[in-house]
Amino acid sequence: MYNSVIQISKSALKNNIDFIKSLIDKSVTLSSVVKGNAYGHSILKMIPLLQKLEVNHFSVYSSFEAKQVFKVAKNNFTILIMGDINNTDEDWIIDNSIEFFVFNISRLNQMLSKAKQKKKTLIIHIEIETGMNRTGFNEEDWIQIIQLVNANKDFIKVKGLCTHFAGAESLNNYVRVKQQQKKFKKAIKFFKTHEIVPQQIHCSCSAAVLAFPTKNYDMVRVGILQYGLWPSRESFIKYISKLNINTNILKPVLSWKSYIMDIKRVPKGEFIGYGSSFLAENETVVASVPIGYGYGYSRSLSNLGRVIINNIRYSVIGTINMNMFLVDITSSNTIAINDEVILIGSSTDLDIPLSSFCNNTDQLNYEVLSRIDKDIPRTITL
């Protein structure tokens, strides 16, 4: 018996993909971002589900993740690497026509050398630095990359021209993002003037799809929305206010469940768990759950977290350990060892949303999801 299980809802995923598709034109390619083990949902589980929903373009961060997608994807699909490429994966990328971001000359030269030896064509997306100041070609470098591409047209196909916005999920970044859009538009014109006309121009993540729906160009790279979560609380409020609705259109795809490992009574006046963060002011019944921060259940939830057992919400007490946390079940006479414990998800009447983790720990929902232990089994539910 595993100490917990992650459940992935097919119906919730379909709901979210349908919603995303309603936001973009039919001519716009939806690239599913599955970096970070598909935001903690499991690349190996998510790819088949996404393909059944006619999503066949996948963006990953690394060549390691690209290989995971390649292992389970079927028929016609595209993989785009947005970040790290391990040297040992370069031949595999070229041989399998894996697309990748180019954001410096050295990467392109290294891959180009191997492509020439193999008499193969690289499929690249040129990343433009527009204000994120992370990766991408600065304006003074544009002519150099253009010259290199035009001198090697037999071995380089520029599939895309792209950038990434620095905080489209918040109005605080509105001016900065608008400046980025202006610079990106300048880059598009400059590259086209120099005979580089990419098939796909793209810049929008989940937040940008919501905030700037007219700037989707040819493709959008959507992550957090497809998993049933909003890029920020601000983006959620802004969207429902715009439509004058009061319900959440998205449905969380992931739920996380464990079980009661042990139950014991603690006398009045005793401290519970490590240190002295929780004092039993009355006789307290404590249930132990075999999950802790080593599995992604944040230590910051100590004395703050909530769980659902038998359709009743209970409090996490004491300091969360690496492999265990404790729950105050004093008010119940019916809870037994092996009873189900909902860490994230819903029961008949109650819900423990991922947002409660974020509110109590100051973690982003992206962070909470990606920190869930990859070894916890993922199962598919309706």
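The values are calculated or read from the model by the stated rules, or taken from the named source; none is laboratory data. Note that the structure is predicted; figures quoted are calculated from it, not measured. Glycine also receives a Cβ, built like all others from the backbone with ideal geometry; neighbour counts cover every protein chain displayed. Just the protein is used for accessible areas: all its heavy atoms, side chains included, with ligands, DNA and RNA removed. Shrake-Rupley method; radii C 1.70, N 1.55, O 1.52, S 1.80 Å.
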- Helix 10-23 axis, angle to the chain major axis (alpha carbon atoms, nearest 10°): 40
- Taking only protein heavy atoms and a 1.4 Å probe, what accessible area per residue, in Å², does the chain have with all protein chains in place? 48
- Helix 105-118: inclination vs the chain longest Cα principal axis, degrees, rounded to 10, gives 70
- Message: Tell me the carbon and sulfur percent of the accessible area for the chain, rounded to whole percent, probe radius 1.4 Å.
- Response: 48
- Item | the stretch 1-153: relative contact order as a whole-number percent, Cα under 8 Å and 6+ apart | 14
- Quick one: among 174, 259, 61, which has the greatest mean-square fluctuation in a GNM of the chain with alpha-carbon springs under 10 angstrom? 174
- Summing Lys, Arg as +1 and Asp, Glu as -1, what charge do residues with Cβ under 15 Å from the Cβ of residue 115 carry, residue 115 excluded? +3
- Hey, got a sec? Which trypsin sites (Lys or Arg not before Pro) in the stretch 15-55 land in a DSSP loop and have at most 12 other Cβ atoms within 10 Å? 26
- Query: Which percentage, to the nearest 5, of the DSSP beta bridges contained in the chain is antiparallel?
  - Reply: 45
- Roughly how tilted is helix 43-52, in degrees to the nearest 10 and between 0 and 90, from the longest Cα axis of the chain? 70
- Message: With the crude spin-label approximation of a point 7 Å out along Cα→Cβ, what separation in nm comes out for residue 174 versus residue 381?
- Response: 4.0
- Note on the structure: Expressed in angstrom and rounded, the centroid-to-centroid distance over alpha carbons for the stretch 310-343 and the stretch 214-284 is 17
- In Å³ per residue, the alpha-carbon convex hull of the stretch 281-382 encloses 119
- Three-way shape label, the stretch 46-168, alpha-carbon gyration tensor, a/c 1.5: oblate
- Message: Quick check: net charge around residue 351, other residues with Cβ under 12 Å of its Cβ, Lys/Arg +1 and Asp/Glu -1?
- Response: +2
- Query: In sequence order, what are the phi-derived ³J(HN,Hα) couplings for the stretch 145-161 according to the Karplus relation 6.51 cos²θ - 1.76 cosθ + 1.60 with θ = phi - 60°, rounded to whole Hz, with x for glycine and proline?
  - Reply: 5, 5, 4, 5, 5, 5, 7, 9, 5, 6, 10, 10, 10, 7, 6, x, 10
- If Lys and Arg each add +1 and Asp and Glu each add -1, what is the summed charge of the other residues whose beta carbon sits under 15 Å from the beta carbon of residue 65? +3
- Item | Residue order for 322, 132, 46 - accessible surface, 1.4 angstrom probe, largest first | 322, 132, 46
- Message: Roughly how far apart, in whole Å, are the Cα centres of the stretch 132-149 and the stretch 166-200?
- Response: 13
